[in-house]
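In what follows, a single structure is set out as structure tokens and then discussed.
The values are calculated or read from the model by the stated rules, or taken from the named source; none is laboratory data. Since the structure is predicted, the reported quantities are computational estimates derived from the model, not experimental observations. Don't worry about glycine lacking a Cβ; one is built from the backbone with ideal geometry, like all the others, and counts go over all protein chains shown. Surface areas here come from the heavy atoms of the whole protein model, side chains and all, with no ligands, DNA or RNA. Shrake-Rupley method; radii C 1.70, N 1.55, O 1.52, S 1.80 Å.
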Amino acid sequence: MLRHTRVAVSFVMLALMLVEGTRDANARSKLPDPINAGVAEKLYKLDCGHSLANDESVWTPGENVGRNIEFSSTCWLIKHGSAWLLWDTGVPEAALNDPRGWSTLPKLIVYHLDKSLIDQLAEIGLKPDDIGRVAISHTHGDHIGNVVLFPNSTIVMQQAEYSWIHSPNGPNDNVNQLMALARKLLGTPKNLQLIDGDTDVFGDGSVTLVSTPGHTPGHQSLLVHLKNSGFIMLSGDVVHLEGNFEKNIVPSLNTDKAKSIASMEEVRQLIATYKATFFINHDKSQTDKLKLLPAFYD
Ligand SMILES: [Zn+2]
């Protein structure tokens, strides 16, 4: 009798483990096969601005209080067959070469733009209408600043992000201010593709939007597969600095601390699974070392 019970219990546990395993696989089933994923041909880094903040501890709570910090802003351009995808759009072109700069939160951070996004595209012979898709990591102004320059492209973002910026204000003034700015900068795109979770953009595993909420409710990162460089994970703002990634530090402006930590953990697992290189958008010391358009990764 005891033996039967034990067998029955083991069987139930095995069944539960299988269900659990299936659920995990389904939840992430849009992620590419590490061995057989397709490839994009080229990945270009564009200079999309840089910024100076007067208190690093907003991004590293408890540390570096009152210290200045400089961040980079990057956009990335991907060539897949004859299709082009732009990842993030950077600081608004209106700020170009303006010594006063531009800000999302004036008391905290000022952005500068030295290079026009449109001019950088032109350097490799592209016009805005050549860019079929503009995917955005999230709706902060330093990422959607130039969405309006691509009126005929399809803007790809998470449904959760779109719903969030159109939801009523919460208790945090800074976050409310960022939401209002997001609505203004995003406007009403003619072609808007709202996605729900991980999304395989070209259907071959070469370019995958990965849901990484926490910085904002519908934040996403981008996993790109290249022939020679292998997998490259573009952070968005899932993390701002290498040190934060190592220590699971969450900026105070993030909308959800627990989800931010879970998303960093998720990215860590993906980096291991895909042996991916990780490019952190705002980490200036890392970004400055990377190739800049017209150079590219392939
Ligand atoms: Zn940002």
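A few remarks follow.
- Qualifying residue in region 155-176 (condition: assigned to a loop (DSSP other than H, G, I, E, B) and within 15 Å of the ligand (Cβ to nearest atom)): no
- So Gln193, is it open to solvent by 60 Å² or more (accessible area, probe 1.4 Å) and under 15 Å from the mean Cα position of the chain (by Cα): no
- Taking the criterion of being crowded, with 16+ Cβ neighbours inside 10 Å and either away from the ligand (no atom under 15 Å from the Cβ) or not aliphatic (A, V, I, L, M) (or both), the residues of region 248-267 that qualify are Ile249, Pro251, Asn254, Thr255, Asp256, Lys259, Ser260, Ser263, Met264, Glu266, Val267.
- Test: Gln120 is in contact (Cβ under 8 Å) with a residue 40 or more places away in the chain and more than 16 Å from the ligand (Cβ to nearest atom): yes
- Options Phe279, Phe245, Phe231, Phe296; residue that is touching a strand residue (DSSP E or B) at 6+ places or on another chain (Cβ under 7 Å) and within 16 Å of the ligand (Cβ to nearest atom): Phe279
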